[in-house]
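What follows is a single structure, written as structure tokens, with notes after it.
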Amino acid sequence: ILANLRLVKGDRVLTLAMAGAVYFWFLGALFGEPTILVYCKDLLGLDDTQVSMIRACLAVGIGVGSALAGYLSGKKIEYGLVPLGSLGLAMCAALLSIPNLSTVQVGVLLGLLGVSGGFFMVPLNALIQHRPDPKDKGSVIATESWLTSVGILAASGAFWLLKTQLGLAPTSIFLVGALATLVATIMA
């Protein structure tokens, strides 16, 4: 893994693509299971079936966003979709921090969050698959997958810190994610 990281470090675009992919899965793991579940149960008072419907909005959004990103990209990697997706992720997460949203509003925002995620991830995945030298491609993809697993694990720690230790409500966790995404977008 360290040898592959040194290899990737020489390619700024590939490094940013891998960092973006890891961040995406970190954010997805932070929002996807724990925050949405607590949001739906505690703030919206939904039962398990209704929570599943809300989660389906996110999943359908990701599918639609991924298909749209592929269509808009045509036969090339469309770099411009990454910041558009990132800003959409930040905006939707910030809007989810607004108190007293209805179930329908949350479903729509999660669907749009998913669309933004598709716009963000499709070009990054394409870059990670396209940029490495053919002899290094498998190693680079494996390294990105390993780092993604670390990011997902880190998300559980972040949720524990934000929810359990700092006592933040799900709306505040969405706002923290929105601000972190906005800062990362500006810095990249």
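The values are calculated or read from the model by the stated rules, or taken from the named source; none is laboratory data. Here the structure is a predicted model, which is why all the values come from computation and not from measurement. All Cβ positions, glycine included, derive from the backbone under ideal geometry; neighbour counts span all protein chains shown. For accessibility, only protein heavy atoms count, side chains too; no ligands or nucleic acids. Shrake-Rupley method; radii C 1.70, N 1.55, O 1.52, S 1.80 Å.
Can you name the residue in region 97-128 that is among the hydroxyl-bearing types (Ser, Thr, Tyr) and part of a helix (DSSP H, G or I) and is also surrounded by the fewest Cβ atoms within 10 Å (Cβ to Cβ) among such residues?
So in region 97-128, the residues among the hydroxyl-bearing types (Ser, Thr, Tyr) come out as 97, 102-103, 116.
Subset that is part of a helix (DSSP H, G or I): 103, 116.
Numbers: THR103: 15, SER116: 25.
Checked region 97-128; the qualifying residue surrounded by the fewest Cβ atoms within 10 Å (Cβ to Cβ) is THR103.
Within the bounds of region 114-129, is there any residue that is among the small types (Gly, Ala, Ser), out of contact with any Leu (no Cβ under 9 Å at 6 or more places or on another chain) and free of Cβ contacts under 8 Å to residues at least 40 places away in the same chain?
Scanning region 114-129 turns up no residue that is among the small types (Gly, Ala, Ser), out of contact with any Leu (no Cβ under 9 Å at 6 or more places or on another chain) and free of Cβ contacts under 8 Å to residues at least 40 places away in the same chain.
Being among the polar types (S, T, N, Q), surrounded by fewer than 21 Cβ atoms within 10 Å (Cβ to Cβ), over 13 Å from the mean Cα position of the chain (by Cα) and on the phi < 0 side of the Ramachandran plot, is that true of even one residue in region 64-78? Don't jump to the end; show me each part of the working.
Here is the first cut: in region 64-78, the residues among the polar types (S, T, N, Q) are 66, 73.
This time we only want the ones that are surrounded by fewer than 21 Cβ atoms within 10 Å (Cβ to Cβ), so: 66, 73.
Still in the list and also over 13 Å from the mean Cα position of the chain (by Cα): 73.
Subsequent filtering for residues that are on the phi < 0 side of the Ramachandran plot retains 73.
Scanning region 64-78 turns up at least one residue that is among the polar types (S, T, N, Q), surrounded by fewer than 21 Cβ atoms within 10 Å (Cβ to Cβ), over 13 Å from the mean Cα position of the chain (by Cα) and on the phi < 0 side of the Ramachandran plot.
Among the residues of region 129-178 satisfying the criterion of being over 16 Å from the mean Cα position of the chain (by Cα) and among the acidic types (Asp, Glu), which is least open to solvent (accessible area, probe 1.4 Å)? First the steps, then the outcome.
Quick first cut of region 129-178, residues over 16 Å from the mean Cα position of the chain (by Cα) only: 129-143, 146, 157, 160-172.
Next cut, among the acidic types (Asp, Glu) only: 133, 136.
Working: ASP133: 78, ASP136: 29 Å².
The qualifying residue least open to solvent (accessible area, probe 1.4 Å) is ASP136.
Would you pick out the residues in region 6-54 that are without any contact (Cβ under 8 Å) to a residue 60 or more places away in the chain, surrounded by fewer than 16 Cβ atoms within 10 Å (Cβ to Cβ) and under 17 Å from LEU96 (Cβ atoms)?
Residues satisfying the conditions are GLU33, LYS41, GLY45, GLN50, MET53.
Pull out all pairs, ordered by first then second residue, where Cβ-Cβ is under 7 Å, the residues are six or more apart or on different chains, the first lies in region 58-74 and is in contact (Cβ under 8 Å) with a residue 60 or more places away in the chain and under 16 Å from PRO123 (Cβ atoms), and the second is in a helix (DSSP H, G or I) and not β-branched (Val, Ile, Thr).
Taking only residues 6 or more apart or on different chains, not a single pair turns up.
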